[in-house]
Amino acid sequence: MGFGRHIRQNRTGLALPLSVFIADREPRRAATCVRLLRGAKGIRVIGQAKTSRVAISGVAAKPDILLFDLKLGKSGGVAPLLLIRARSPRTKVILLTGRVTDTQILTAISQGARGYLEPSRLRPFLIKAVRAVHAGETWVPRAMVAKIIDRLANLTAKQHAQSAKYT
Amino acid sequence: MASLKPAVLILDRSLPNLHGIEAVSVVQRASPSTKIILFSKVISENEGRAMLEAGVRGYCSLDIDATLLKKAIIMVHQGEVWVSRKFISQLLEALVSLTEAQRAKSLPKDDSALEQLTPREREIAELLGVGASNKEIAHQLRVAEKTVKAHLTSIFRKLEIPDRLHLALFVNGLRPAH
């Protein structure tokens, strides 16, 4: 399937499994994720957290993928992502979303999240999404792309306005 | 075109006398509600982004399969965007780096704030910045957990920071963008 070249290898040349850390406040959803991922070849769940603090120390293990509940932090959920990225830049984040707004998702994507999954899409797509994001792709529904472009256009305009001010 | 006001316009980028962004803005002035799909050979990342930001809702290569083209037209008409998967990745990366640039600009580097803290408070702030819990900090500094909490309250007040997460961000020179 072409994922092979992305798999890290240890010193003996054996392929290391793709490591996943789950940071989710909702135990049932976390359990679903664990169950689904356990059944997948070459994927290993290396840890779980229910709070952002535990999640932040959990990424010290530098997982390949972090499944991150946007409702995890008290403060809107996005702040821990900044720290997580600073701690482990190689970790790619997939958001677990439920009742969150598009704006919250968009903000998290602006902080480096590579995709998101709504609860109903976990079962059919979790493993696919984990592999795709690990391979450098994104997991964003098409409907979201228009909003990403709008925000991008906004930021570009802001940047132009700022550079005009200084010249 | 101006009188027909189509819902979707397929625009060949190599049309004579109508080039790239200019063509897009001409169409938009003539018929603002028209959604544009660009027919084009390979497009560079920068050009693609500029086109999308200018209002193009999608692009595809000239040899696109008819059923796919139909799907593209329907999607774009519904308000979605039609671009390649790979391009979506590039858009995301551009979004992250622009957000970062904005944050860096809006955040004057301010180490002086930390100087308001006592040496002990600074020590605690730094330990918290590397992810230590109150218990771990207490253990490390050989004080009671209650003492750590009291110091934290004082730190939050001095730096006008709402909670430990924001303090950790602050110590690491980060601040969430909005």
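What does the charge add up to near B:ILE74, with Lys and Arg as +1, Asp and Glu as -1, over the other residues with Cβ less than 15 Å from its Cβ?
That works out to +3.
What are the residues whose amide H is under 5 Å from the amide H of B:ILE36, where those residues sit 5 or more places off or on another chain and H is modelled from the backbone?
B:LEU9, B:ARG57
For a quick check: with amide H placed at 1.01 Å from N, whose amide H comes under 5 Å from A:LYS92's, ignoring anything fewer than 5 positions away on the same chain?
Long-range HN contacts for A:LYS92: A:ILE65, A:LEU66.
What Kirkwood hydrodynamic radius do you get for the protein assembly as shown when you take the inverse of the mean 1/r over all pairs of distinct Cα atoms, in Å?
For the protein assembly as shown, inverting the mean 1/r across all distinct Cα pairs yields 22.7 Å.
Reachable aspartates and glutamates from A:LYS158, Cα under 18 Å, same-chain residues fewer than 8 places away excluded?
Qualifying aspartates and glutamates at Cα under 18 Å: A:ASP150, B:GLU53, B:GLU93, B:GLU100.
For labels at A:ARG44 and B:ALA150 in the simple 7 Å Cα→Cβ model, what's the distance in nm?
That separation, rounded to one decimal, is 4.6 nm.
Would you mind classifying the range A:71-141 by shape? Square roots of the alpha carbon gyration tensor eigenvalues, ordered a ≥ b ≥ c; an a/c under 1.5 is rounded, otherwise it is prolate if a/b is larger than b/c and oblate if not. Show your work: numbers first, answer last.
Values: a/c = 1.93, a/b = 1.15, b/c = 1.68.
Verdict is oblate for the range A:71-141.
Under a point-charge model restricted to the Cβ atoms of Lys and Arg (+1) and Asp and Glu (-1), what is the dipole moment magnitude of the protein assembly as shown relative to its Cα centre, in debye to the nearest 20? The partial results should precede the final answer.
Details: 54 positive and 28 negative charges, 228 e Å.
With only Lys, Arg, Asp and Glu charged at Cβ, the dipole is about 1100 debye.
Can you work out the Karplus-derived ³J(HN,Hα) for every residue in the range B:162-167? Use 6.51 cos²θ - 1.76 cosθ + 1.60 with θ = phi - 60°, whole Hz, and x for glycine or proline.
Once rounded to whole Hz, the list reads x, 8, 5, 4, 5, 5.
Report, in listed order, any pair from A:LYS147/B:LYS71; A:LYS41/A:LYS62; A:LYS147/B:LYS86; A:LYS128/B:LYS86 with a Cα-Cα distance greater than 22 Å.
none
What distance in nm separates the simple spin-label points at B:ALA54 and B:HIS139, each placed 7 Å from Cα in the Cβ direction?
In this crude spin-label approximation the distance works out to 6.1 nm.
Treating cross-link reach as a plain straight distance, find the lysines whose alpha-carbon is under 16 Å from the alpha-carbon of A:LYS71, omitting any fewer than eight places away in the same chain.
Qualifying lysines at Cα under 16 Å: A:LYS50.
At the nearest 100 Å², what buried accessible area, both sides summed, do you get for B and A when the probe is 1.4 Å?
By this definition, chains B and A bury close to 3500 Å².
Once you keep just the Cα pairs under 8 angstrom separated by 6 or more residues, what percentage relative contact order results for chain B?
Reported relative contact order: 15 percent.
Using 1/(1 + (r/R0)^6) with R0 = 56 angstrom and r between the beta carbons of B:SER112 and B:SER33, what's the FRET efficiency to the nearest 0.05?
So the FRET efficiency works out to roughly 0.60.
Percent of accessible area on the protein assembly as shown owned by carbon and sulfur, 1.4 Å probe?
55 percent
Taking θ as phi - 60°, what are the ³J(HN,Hα) couplings along the range A:26-41 by the Karplus curve (6.51, -1.76, 1.60), each to the nearest whole Hz, with x for Gly and Pro?
Working through the residues one at a time gives 9, x, 5, 5, 4, 5, 4, 4, 4, 4, 5, 6, 4, x, 9, 6 Hz.
Averaged across B:51-58, how many Cβ atoms of other chains sit within 10 Å of each residue's Cβ atom?
3
Roughly how crowded by other chains is peptide B:93-103, in terms of the mean Cβ count from those chains within 10 Å of each of its Cβ atoms?
Working: counts 3, 5, 10, 7, 3, 8, 8, 3, 4, 5, 3.
Whole-number average of other-chain Cβ neighbours for B:93-103 is 5.
Summarise the partner chain shielding of B:79-91 as one whole number: the mean count of Cβ atoms from other chains within 10 Å of each residue's Cβ.
Across the residues of B:79-91, the mean count of other-chain Cβ atoms within 10 Å is 4.
Can you list residues whose amide H is under 5 Å from B:TRP82's amide H, if they're 5+ apart or on another chain and H is modeled 1.01 Å from N?
Result for B:TRP82 returns B:GLY58, B:TYR59.
Quick one: angle between helix B:45-54 and the longest Cα principal axis of chain B, in degrees between 0 and 90, rounded to 10, please.
Helix B:45-54 sits at roughly 80 degrees to that axis.
For A:ILE127 paired with A:LYS62, estimate the spin-label separation in nm (one decimal), with each label point 7 Å from Cα along the Cα-to-Cβ line.
It is 2.8 nm.
Keeping all protein chains in position, work out how much accessible area B:ILE88 exposes to a 1.4 Å probe, and write it in Å² to the nearest 10.
Ignoring ligands and nucleic acids, B:ILE88 comes out at about 0 Å².
Quote the FRET efficiency, to the nearest 0.05, computed for B:SER61 versus A:LEU16 with a Förster distance R0 of 45 Å and r equal to the Cβ-Cβ distance.
My answer for the efficiency is 0.75.
Cut-off under 20 Å on the C-alpha distance; same-chain residues fewer than 8 positions from B:LYS70 excluded. Which aspartates and glutamates are left, in chain and number order?
Those aspartates and glutamates meeting the cut-off are B:ASP12, B:GLU80.
Mean-square fluctuation check for chain A, GNM, Cα pairs under 10 Å: which of A:ALA108, A:ALA132, A:ALA23 is largest?
Sorting by GNM fluctuation, first place goes to A:ALA132.
Taking 0.36 nm per intervening residue step and subtracting the Cα-Cα distance, what contour gain separates B:GLU47 from B:ARG157 on full extension?
Answer, rounded to one decimal: 34.7 nm.
Quick one: net charge around B:CYS60, please, counting Lys, Arg +1 and Asp, Glu -1 for every other residue with C-beta under 15 Å from its C-beta.
Value of the local net charge: +4.
The values are calculated or read from the model by the stated rules, or taken from the named source; none is laboratory data. Model, not experiment: these values are computed from the prediction. Backbone-built Cβ (ideal geometry, glycine too); neighbour counts: all protein chains shown. Only protein heavy atoms, including side chains, enter the accessible area calculation; ligands, DNA and RNA are left aside. Shrake-Rupley method; radii C 1.70, N 1.55, O 1.52, S 1.80 Å.
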